[in-house]
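All remarks here apply to the structure that follows.
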Amino acid sequence: MKIIEIFETMEYSPAPESPDLALEWLKEHKSKFGFFINGKWCKAKSGKVFSTNNPANGKKLASISEAGKSDVDSAVSAAKLAFPKWKALSGHERARYLYALARQLQKHSRLFAVLETMDNGKTIRETRDIDIPLVIRHFYHHAGWAQLLESEFPEHMAIGPVGQIIPWNFPLLMLSWKVAPALAAGNTVVLKPAEYTPLTALLFAEICSQVGLPPGVFNLVTGPGQTGSLMVNHPDLKKIAFTGSTDVGRLIREATADTDKKLTLELGGKSPFIIFQDADLDSAIEGLVDAIWFNQGQVCCAGSRLLVQESVAEKVIDRLKKRMAKLRVGDPLDKSMDMGAIIAPIQKERIQNLVDQGKKEGAAIWQWEGELPQNAEKKGDGCYFPPTLFTNVSPASIIAQTEIFGPVLVSMTFRTPDEAVMLANNSAYGLAASVWSENINQALHVAPKLKAGVVWINCTNQFDASVGFGGYRESGYGREGGHEGMFEYLKPKESGISKNQIRISVTKVKASATTALSLDRTAKLYIGGKQARPDSGYSLDVVNADGSLAGEIGDGNRKDIRNAVEAAHKASGWQSSTPHLRAQILYFLAENLETRSLEFKNRITQLTGVTEKQAALEVKTAVSRIFTYAALADKHEGLIHQPPMRGLALALNEPIGVLGLVCPDEAPLLSMLSMLLPAIAMGNSVVLVPSRPFALVATDFYQVLETSDVPSGVVNIVTGDSAKLGTVLAKHDDVAGLWVAGTRTECTEACKLSTGNMKIIWTNNGKQLDWYDNQQSEGREWMRRASQVKNVWIPYGE
Ligand code: NDP
């Protein structure tokens, strides 16, 4: 063809990438793979195998061993055995291994890219230019964290052997997001890749051998969900890091509820892509192509909900259709393809069902009309799905709410920025969002209002090892990458038990029969800045340590919690108040508590039976703790990342929202404040359930709140049976986070019952904390618990 003709037709010639080296690698292994355990290759004890296929043509690539219980046990034992030595290495020694892995990955990058494309069906353009370079960057970046571990995280230590379960959509990238930080922090790993895509993980295991990674530090088992479940339930794995569907995330949360396992869950999404009328529309449309047709839309953070300002909607949809018509769908090994194959026929079927549902719901469909490649077996259209656009979509419809996980975009319109935010947040998920506007003030005004862990301004699907990634709400919790991601693989160093720790017997809740109150005073609940009678109309006795009646408290119930949650939501202005304002109010709170220290000292002495000296120490420590959080309120700041692009990513520490706090009995004032203060210093509003036997300390405290200018609804106190009220908080879907310092059973229940909206949960796992010990009970670790990081990406330049 002549150049002039090429200019006229603008046709692409085939540009195939050769699969030869990858096929040779498979042949070297006779297309059969076992597990990589303790630095050696071994087969499944059961002898069971399954196949992994090429989605582009349906052909079998290899036989993979299926791990059963004894295989998982062997892998975990190897990781457990290797842990003490690996942890004991210096940061520098671990950094050298991570650096060696990065180098080795770099040297074999094309083999990894081709193999990934063959196993997953995504285009070589993506694996070569996005997945594998990001994988390499991850190992380099985390070699850095390993080197700096002791100086950057002096108060933290490795967790132990960790279990990691990853999906099929970014097989090697997800491996690197999990393995690199885990090893850098000094943990050892058992990893299970998805059944559909184990090959690059197997090649990675070979690389671990080549660089001489000590045996047992990285172990790989392959198998179906059942293998993952065996890992989740293994008592010797101290953490589970999971990426996948929200449903499986829920199962994992329930299965680990009665254990001490740390958990990070990176789940699904239905991310909004917002185009304002002043956006550079051509750029926004190119952005959309990357947002929803990248990896065939099988991306947890895909910009799958287009929200476009009404004034430009017609223009945008029109240009979008023209652009869609030019997309190239076909052989993923062809370097000029935009879209490759869908992972498996069952996934294609799922996409088709949801598309049919959309049509039934009355949305208008527009589909790419090119010819889809056939499978090798010539069955139907092969495992490909055409780029699809729905307009006239109602915000509540199934296709607007369900994660389709395919190349399907649904679009809606809005009139004002507030409406855009409302529509964007109208989802159970909260993984990512993309905002397009040439008015940076407007974009930066909208970004903090979006319930999403990542916000891309005038860009989309940007990732980097230095920038944390993770969701809000049902998109899960925990972050991967960056400074914040390292904390997910570390735990605070244990401090010695302080001698001030007081254990109190709290079984006595009935007053001796004849004691009477000198003054008839029933402490009410405290909701929305006002004292409120309990809905039940019942009161409960509170007794002093000597058995006399100290007073009565309201017996709060489900309705009181509901009212308190509503009041807490109304106080959302607290979230956007300046940290300086919050600090000032906290200092004032300290001043007012100190003024009444004698009264609190007496109350604590009478109720708990501790000495006056001990009670005075509790009040004094509480005042000091308020000072700590007043100090931290304007110092728990975010970071500015400089990822390898022309731009910045702002890591903002944001409050979680409405937090439920279930407080323990010991040191009732100090423990209650130790939980309350970081929560409100960070800008959360709370529903607090105080200790049942010592609730009068909390009801006395609301008078201090009232005099300290804490806005109405920021702190709500519901007294009563704490276990029962904790259960109500756990089930409440408008409570975003829950902290429970209770018995083991209460903590387990809270974890299990709060999976509905995937609350961010912290519990003491039934262990008694020492509330006097600053290392355990105050400081940045608590501020971290009270916040979630949102990364806002801002490119610059023309
Ligand atoms: P799953 O959540 O089922 O799988 C993710 C990983 O978990 C895989 O390794 C899987 O194994 C494993 N697994 C499955 N069941 C269990 C279990 N009970 N206990 C422990 N591990 C388990 O996702 P799918 O791959 O099946 O995809 C289904 C849907 O999930 C998609 O349509 C999409 O909506 C969502 N998804 C979201 C992703 C994200 O990045 N957020 C990524 C992938 C999927 P195996 O593959 O062998 O079954």
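MET118 passes every criterion in (1) crowded, with 24+ Cβ neighbours inside 10 Å; (2) of a type in the set (A, V, I, L, M, F, W, C); (3) over 29 Å from the mean Cα position of the chain (by Cα); (4) closer than 24 Å to PHE83 by Cβ apart from (4).
All of (1) open to solvent by 50 Å² or more (accessible area, probe 1.4 Å); (2) more than 10 Å from the ligand (Cβ to nearest atom); (3) under 24 Å from SER74 (Cα atoms) hold for ASN233 with one exception: (2).
You will find that of ALA284, ALA255, ALA291, ALA241, the residue that is over 18 Å from the mean Cα position of the chain (by Cα) and over 22 Å from ALA341 (Cα atoms) is ALA284 and no other. Counting only residues that are closer than 20 Å to ILE275 by Cβ, open to solvent by less than 20 Å² (accessible area, probe 1.4 Å) and either out of contact with any helix residue (DSSP H, G or I) (no Cβ under 9 Å at 6 or more places or on another chain) or not in a helix (DSSP H, G or I) (or both), the stretch 319-336 holds 1 of them. ALA583 passes every criterion in (1) under 18 Å from ALA698 (Cα atoms); (2) open to solvent by less than 10 Å² (accessible area, probe 1.4 Å) apart from (1). Scanning the stretch 715-744 for residues that are at pLDDT below 95 and either of a type in the set (Asp, Glu) or part of a loop (DSSP other than H, G, I, E, B) (or both) yields GLY742, THR743.
Only one of the numbered conditions (1) of a type in the set (Gly, Ala, Ser); (2) open to solvent by less than 30 Å² (accessible area, probe 1.4 Å); (3) not in a helix (DSSP H, G or I) is violated by SER712, and that is (2). Per the listing LEU89, LEU111, the residue uniquely touching a residue at least 40 places away in the same chain (Cβ under 8 Å) and under 18 Å from PHE204 (Cα atoms) is LEU111.
In this structure, THR755 qualifies as part of a loop (DSSP other than H, G, I, E, B), out of contact with any strand residue (DSSP E or B) (no Cβ under 6 Å at 6 or more places or on another chain) and of a type in the set (Val, Ile, Thr). Listed by position, the helices (runs of 4 or more DSSP H) enclosed by the stretch 339-444 that each have at least 1 residues that are exposed (fewer than 15 other Cβ atoms within 10 Å of the Cβ), away from the ligand (no atom under 14 Å from the Cβ) and charged (D, E, K, R) are 345-360, 417-424. Check whether at least one residue in the stretch 490-501 is more than 14 Å from the ligand (Cβ to nearest atom), crowded, with 24+ Cβ neighbours inside 10 Å and at pLDDT 95 or above, and report yes or no. No, the stretch 490-501 contains no residue that is more than 14 Å from the ligand (Cβ to nearest atom), crowded, with 24+ Cβ neighbours inside 10 Å and at pLDDT 95 or above.
Only one entry in LEU172, LEU203, LEU191 is modelled with pLDDT of 95 or more and surrounded by fewer than 24 Cβ atoms within 10 Å (Cβ to Cβ), namely LEU203. Between ALA82, ALA75, the distinction of being in contact with a strand residue (DSSP E or B) (Cβ under 8 Å, 6 or more places away or on another chain), open to solvent by 10 Å² or more (accessible area, probe 1.4 Å) and part of a helix (DSSP H, G or I) belongs to ALA82 only. Taken as a whole, the structure places PRO193 among residues that are near the ligand (Cβ under 10 Å from one of its atoms) and not aromatic (Phe, Trp, Tyr).
For the stretch 38-61, filtered to residues that are in contact with a Leu (Cβ under 8 Å, 6 or more places away or on another chain) and hydroxyl-bearing (Ser, Thr, Tyr), the residue that is least open to solvent (accessible area, probe 1.4 Å) is THR52.
Candidates TRP762, TRP782, TRP793: the one that is open to solvent by 30 Å² or more (accessible area, probe 1.4 Å) and among the hydrophobic types (A, V, I, L, M, F, W, C) is TRP762. Scan the stretch 180-187 and give yes if some residue there is within 13 Å of the ligand (Cβ to nearest atom) and outside any loop (DSSP other than H, G, I, E, B), otherwise no. Within the stretch 180-187, not a single residue is within 13 Å of the ligand (Cβ to nearest atom) and outside any loop (DSSP other than H, G, I, E, B). Applying the condition of being within 6 Å of the ligand (Cβ to nearest atom) and small (Gly, Ala, Ser) to the stretch 236-267 and asking which residue is least open to solvent (accessible area, probe 1.4 Å) yields GLY244. THR707 falls short of the stated requirement of being farther than 20 Å from TRP771 by Cα, crowded, with 21+ Cβ neighbours inside 10 Å and among the hydroxyl-bearing types (Ser, Thr, Tyr).
Considering the stretch 556-613, the qualifying helices (runs of 4 or more DSSP H), each wholly inside and each with 1 or more residues that are more than 41 Å from the chain's Cα centre (by Cα) and in contact (Cβ under 8 Å) with a residue 60 or more places away in the chain, run over 597-608.
Is the stretch 304-318 home to any residue that is within 16 Å of the ligand (Cβ to nearest atom), on the phi < 0 side of the Ramachandran plot and either surrounded by 24 or more Cβ atoms within 10 Å (Cβ to Cβ) or touching a residue at least 24 places away in the same chain (Cβ under 8 Å) (or both)?
Yes, the stretch 304-318 has at least one match.
Has the stretch 269-280 got any residue that is under 12 Å from the mean Cα position of the chain (by Cα), surrounded by 24 or more Cβ atoms within 10 Å (Cβ to Cβ) and within 14 Å of the ligand (Cβ to nearest atom)? Yes; the residues of the stretch 269-280 include at least one that is under 12 Å from the mean Cα position of the chain (by Cα), surrounded by 24 or more Cβ atoms within 10 Å (Cβ to Cβ) and within 14 Å of the ligand (Cβ to nearest atom). Cβ separations smaller than 9 Å between residues 6+ apart or across chains give the following pairs from the stretch 1-30 residues that are modelled with pLDDT of 95 or more to residues that are open to solvent by 100 Å² or more (accessible area, probe 1.4 Å): GLU17/ARG110; LEU21/ARG110. Scanning the stretch 121-165 for residues that are open to solvent by 10 Å² or more (accessible area, probe 1.4 Å) and within 16 Å of the ligand (Cβ to nearest atom) gives ILE130, LEU134, ILE165. Residue count for the stretch 733-759 satisfying the condition of being open to solvent by less than 40 Å² (accessible area, probe 1.4 Å) and within 30 Å of PRO579 (Cβ to Cβ): 12. Taken over the stretch 207-230, the residue count meeting the criterion of being open to solvent by 10 Å² or more (accessible area, probe 1.4 Å), more than 12 Å from the ligand (Cβ to nearest atom) and aliphatic (A, V, I, L, M) is 2.
The values are calculated or read from the model by the stated rules, or taken from the named source; none is laboratory data. All values derive from a computational prediction rather than experimental measurement. Here Cβ is always computed from backbone atoms with ideal geometry, including for glycine, and neighbour counts include all displayed protein chains. Ligands, DNA and RNA are stripped out before the accessible areas are found, and what is left, the full protein with its side chains, is counted by its heavy atoms. Shrake-Rupley method; radii C 1.70, N 1.55, O 1.52, S 1.80 Å.
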